[in-house]
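A short write-up of the structure that comes next.
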Amino acid sequence: MKKLTNTKTLTAAAMLSALGIVLGFFKIPINQLIEIRFGALPVEMAGQLFGPAVAGVVGGITDIGGYLVKPTGPFFPGFTFSSIVGGIIFGLMLYNKKITFLRVLATQVVYTIVVGIILNSYWLDVLYFQNGYFATIMARLPKELIMIPIMSVIYYSIVKAFGRTRIGEFAR
């Protein structure tokens, strides 16, 4: 958390949080259980640039900020917890590591299992369905598995594009 006392880090984290909030509005609803979202991309970038603590804060702010700007249902702290855990996962797996496609893919697999399948399915079952955690997982599993390669390609493309610029130096 000491990193957040650095002005550059705080500014970048705030910009990534704002970007995460805006990208969170762009979603593709498939049904009541399944929607494709892109709000985790800035949290993933925060993890790569600043580590797990800052990325966890960015994830939490992104979730709460998105709810405050445009609530789409009741506020539920479980999803905020999921966003924080996602940031921590991204930070642990990407910070100070050589970014390869296989590393990004592995990160997406861990993120999807822990956050997408286990946590978010549980929160949705608690909030809306109560017809069985396993049934909720089974309904969401195809989407979660399909999104692993899609999000991996998107994030890896973004990282490679930024690698050709000086944005990575901004984090230091």
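Report the gain in length on full extension from Ala161 to Val126: 0.36 nm times residue separation, minus Cα-Cα distance, nm rounded to one decimal.
Here the segment from Ala161 to Val126 would lengthen by 8.6 nm.
Between Ile36, Ile89, Ile137, find the one with the highest GNM mean-square fluctuation for the chain; connect C-alpha pairs within less than 10 Å.
Of the options given, Ile36 has the highest mean-square fluctuation.
Please list, by residue number, every one of the trypsin sites (Lys or Arg not before Pro) in segment 82-155 that is coil in DSSP and has at most 16 other beta-carbon atoms within 10 Å.
Of the trypsin sites (Lys or Arg not before Pro), the ones in loops of segment 82-155 whose Cβ has at most 16 other Cβ atoms within 10 Å are Lys97, Lys98.
What is the fewest-to-most order of Thr100, Thr7, Thr80, Thr112 by other Cβ atoms lying within 10 Å of their Cβ?
Least crowded to most crowded, the residues run Thr7, Thr100, Thr80, Thr112.
Quick check: from the Cα gyration tensor, does segment 7-158 come out rounded (a/c under 1.5), prolate or oblate?
In terms of gyration-tensor shape, oblate.
Given Cα pairs under 8 Å that are at least 6 residues apart, what percent is the relative contact order of the chain?
21
Picking from Gln130, Gln108, Gln48, which is most flexible by a Gaussian network model of the chain using Cα springs under 10 Å?
Fluctuation is largest for Gln130.
Too long at a 21 Å Cα-Cα cut-off: which of Lys3/Lys160; Lys97/Lys160; Lys27/Lys143; Lys27/Lys70; Lys98/Lys160?
In this structure, Lys3/Lys160 lie more than 21 Å apart at Cα.
Multiply the residue gap between Ala135 and Phe101 by 0.36 nm, knock off their C-alpha separation, and tell me the result in nm, one decimal place.
9.0 nm
Every number here is computed from the coordinates shown, using simple stated rules; none is lab data. Because the structure is predicted, anything quoted here is derived from the model rather than measured. Every residue, glycine among them, receives a Cβ derived from its backbone with ideal geometry; neighbour counts consider all protein chains shown.
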